[in-house]
Amino acid sequence: MTAEQIVFYLFATLAIASALGVVMVRNSVQAVLCLVLTFFSMAALWMLLEAEFLAIALVLVYVGAVMVLFLFVVMMLDVDFASLKQGFTRYVPLGVLVAAGLLIGLYWVLRGEVFGLEMMPEPNKHGAEHSNVEVLGKLLYTDYFYAFEVAGVILLVAIVAAISLTFRGRRERRGQSVPMQHRASKDERLHIVKMDAEVAEFEDQQIDQDSDNTGKGKKKQKSKAKAKPKTQTKGESS
Amino acid sequence: MIEIILDALIIGFKINLILLPLILAVAYTTFAERKLIGYMQLRLGPNRVGPKGWLQPIADVVKLLMKEIVIPSGSNKALFLIAPVLFIAPSFAAWAVIPFSAEMVLADINVGLLYILAMTSIAVYGVIIAGWASNSKYALLGSLRSASQIVSYEIAMGFALVAVLMASGSMNLGEIVKAQEGPFWHWYWIPLLPILVVFWVSGVAETNRAPFDLPEGESEIVAGFHVEYAGIGFALFFLAEYANMILISVLTALFFFGGWLNPFHGIPYLGSATEWVPGTIWLLLKAAWFLFMMIWLRATFPRYRYDQVMRLGWKVFIPVTVIWLIVLTFMIKAGVGPWFSGRGVL
């Protein structure tokens, strides 16, 4: 048994077990996590097929982004299991029919004459210097350029459609406009009031005490703001 | 069969060679953070345990390990326990492809860049599961915030990595550093300056650090997604966060500041005088500087408002990176030296 075989059997078992978990587990959040594990073990299997770019793209796109959104939706849904189980006996014949149809279809596609070991010989193994990314990139941007660009346009159409579906006219709600906040200046927000000194007697000592207070900064913001004009007037008078 | 077991043992030993220093570095990063922020706020920081407080992180670890694990009633027990593991595993796994010098790398794979991106993107599961399984409003709010933040900044980060990939022409981290070979003005921080800023700030946002620490904003939602975790569970979240910080610092050094390359190379006298310093030291010094910057940021800036965080990610960073990708394309095709000389076609 080589190391590759050990890895293959490990992740193949994991993939099958977690795929079974998706449909068997009662908790829907756990089911989504099982699906994540299935994707992850499939990515490991793809890695064994030397498709490292696709394997990591699978983790990046499906596990890292799509399933996160999926998980959010499932968490927010309040699934009522009792109502889900209603009418089970009624739909059993239809379910069995669909399952049998799918099984036959799968067999038709994957049967020995089409997908057997003779029809699909083992691919050549490449060394460590073989870059799957480079090969894939060259293929996508030369032979399959139009298909690739069309796929991009289809995705763009999907984005536009999703936005237009959720956009329901201008919303009359109050919000914060960041550009306006950036444009705000000190002059609009802060009024500096000039005040004459209130105490006529012992003027010199009074001013000294005030400036001491602002220097220590022990007073709160309000008293600071009040103290400011005083020092200003002091500056003007002197 | 015996060879396989032997190989596995050797790989396991190498993994420990990376992980044990990493965990020690995490412990002393927390100490450095408390000390630095202390000095920045005119305090002393921890100085009681051991000489000058140097044993404080050890004491913290012992304390966290001894604490009782509290499982909240009504929580989903299995998911509650697995969430910290889901959070810490990717942040450790990402270290597999980091080259510490030209020869020292555990997994020298040619999709290293994508691997890093994939690993940082699956860490979000730990956060979501922790928030949901805790059966607590604060934890759920924190995990929602964290997930949307991580998902949005990942896009800007991915675009930034595309720029690095375009500039170096490789996804292997070692090759990226080798493409920057030369004195410090040959490194990618000059032609990729806007990308560097985007990558660095997105990195800070991805690690949920201040000023982007809304997921654990203690003034609003107590501690965010890990509010219900005590003892070792909390320690794992903490460990993963700091391991991610160090990872982002090392990645910034690798992608934009020449990794293990000598910064004095090409400068008369200074270059030849520092020739003997091993590359790993340079890499760690550069990473330490970025780590210091993260702590400095935390001590300096107030927390962002949530809509500002989202705006920065979607409306500022993504357009900036897309525009710079176009500029970069022209720079590469024009063969702007010294970074892209020899690759020009115009």
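Couple of notes before you dig in:
- A simple count of charges around B:Ser219, restricted to other residues whose Cβ falls under 13 Å of its Cβ and scoring Lys, Arg +1 and Asp, Glu -1, yields -2.
- In the stretch B:216-307, a dipole from Cβ-located charges (positive for Lys and Arg, negative for Asp and Glu) runs towards its positive end, and of B:Gly224, B:Thr274, B:Ala243 it is B:Thr274 whose Cα lies farthest in that direction.
- J(HN,Hα) series, the stretch B:229-244, from Karplus relation 6.51 cos²θ - 1.76 cosθ + 1.60, nearest Hz, glycine and proline x: 8, 10, x, 5, x, 5, 4, 5, 4, 5, 4, 5, 4, 6, 5, 5
- Given B:Lys35/B:Lys67; B:Lys14/B:Lys77; B:Lys67/B:Lys137; A:Lys186/B:Lys315; A:Lys125/B:Lys333; A:Lys186/B:Lys35, the pairs whose alpha carbons are separated by over 28 Å: B:Lys14/B:Lys77; A:Lys125/B:Lys333; A:Lys186/B:Lys35
- Other-chain or far-sequence residues with amide H under 5 Å of B:Asp213's (modelled H): B:Tyr304
- Under Stokes-Einstein, with the Kirkwood radius over Cα pairs as Rh, the value for the stretch B:13-120 at 4 °C and 1.567 mPa s is 76 µm²/s.
- Only the Cβ atoms of Lys and Arg (+1) and of Asp and Glu (-1) were treated as charged; on that basis the dipole of chain B about its Cα centre amounts to roughly 800 debye.
- Rounded tilt (10° steps) of B:77-93 against the dominant C-alpha axis of chain B: 20
- Listed by Cβ neighbour count within 10 Å, with the fewest neighbours leading, B:Leu325, B:Leu42, B:Leu6 appear as B:Leu42, B:Leu6, B:Leu325.
- 3J(HN,Hα) from dihedral phi, the stretch A:27-39, Karplus parametrisation 6.51/-1.76/1.60, rounded to Hz, x for glycine, proline: 6, 5, 5, 5, 5, 4, 5, 4, 5, 4, 5, 4, 4
- Positive-end residue of B:Trp200, B:Leu214, A:Phe72, charge dipole of the protein assembly as shown with Cβ unit charges: B:Leu214
- Sparse packing (at most 12 other Cβ atoms within 10 Å of the Cβ) combined with a DSSP loop state is found for the following trypsin sites (Lys or Arg not before Pro) in the stretch A:72-168: A:Arg111, A:Lys125, A:Arg168.
- The average projected area of the protein assembly as shown, computed from the convex hull of its Cα atoms over all directions, is 41.5 nm².
- Counted by Cβ distance under 14 Å from B:Ala240, the other residues give a net charge of -2, where Lys and Arg count +1 and Asp and Glu count -1.
- Sorted fewest first by neighbouring Cβ atoms within 10 angstrom, B:Arg209, A:Arg26, B:Arg311 come out as A:Arg26, B:Arg311, B:Arg209.
- Cα gyration tensor shape of the stretch A:20-77, rounded if a/c is under 1.5, else prolate or oblate by comparing a/b with b/c: oblate
- Placing unit charges on the Cβ atoms only, positive for Lys and Arg and negative for Asp and Glu, gives the stretch B:212-346 a dipole magnitude near 640 debye about its Cα centre.
- For B:Trp189, the amide hydrogen comes within under 5 Å of no other amide hydrogen, counting only partners 5 or more places away or on other chains and with H modelled in the peptide plane.
- Cα gyration tensor shape of the stretch B:26-79, rounded if a/c is under 1.5, else prolate or oblate by comparing a/b with b/c: prolate
- Residues A:Phe72, A:Phe115, sorted so that the one with the fewest Cβ neighbours within 10 Å comes first: A:Phe115, A:Phe72
- Chain B: mean projected area of Cα convex hull, nm²: 21.0
- Only Cα sites of the stretch B:232-329 enter the Debye sum here, all with the same form factor; the resulting log10 I(q)/I(0) across q = 0.16, 0.23 1/Å is -0.97, -1.17, listed in q order.
- Cα gyration tensor category, rounded, prolate or oblate, for the stretch A:43-123 with a/c compared to 1.5: oblate
- A Cβ-based charge dipole, computed about the Cα centre of the protein assembly as shown with Lys and Arg at +1 and Asp and Glu at -1, lands at about 2100 debye.
- Remark: mean inter-chain Cβ contacts per residue of B:102-115 equal 3, using a 10 Å Cβ-Cβ cutoff to other protein chain atoms.
- Checking every one of the chymotrypsin sites (Phe, Trp or Tyr not before Pro) in the stretch B:189-269 against DSSP loop status and a limit of 11 other Cβ atoms within 10 Å picks out B:Tyr269.
- Listed values for the stretch A:147-161 are Karplus-derived 3J(HN,Hα) couplings in whole Hz (6.51 cos²θ - 1.76 cosθ + 1.60, θ = phi - 60°), namely 4, 5, 5, 4, 4, x, 5, 4, 5, 4, 4, 4, 4, 4, 5, and x replaces Gly and Pro.
Just so you know, all these numbers are worked out from the coordinates, no wet-lab data involved. Just so we're clear, the structure is a prediction, and the values are computed from it rather than from any experiment. With ideal geometry, Cβ positions are generated from the backbone for all residues, glycine too; neighbour counts draw on all protein chains shown.
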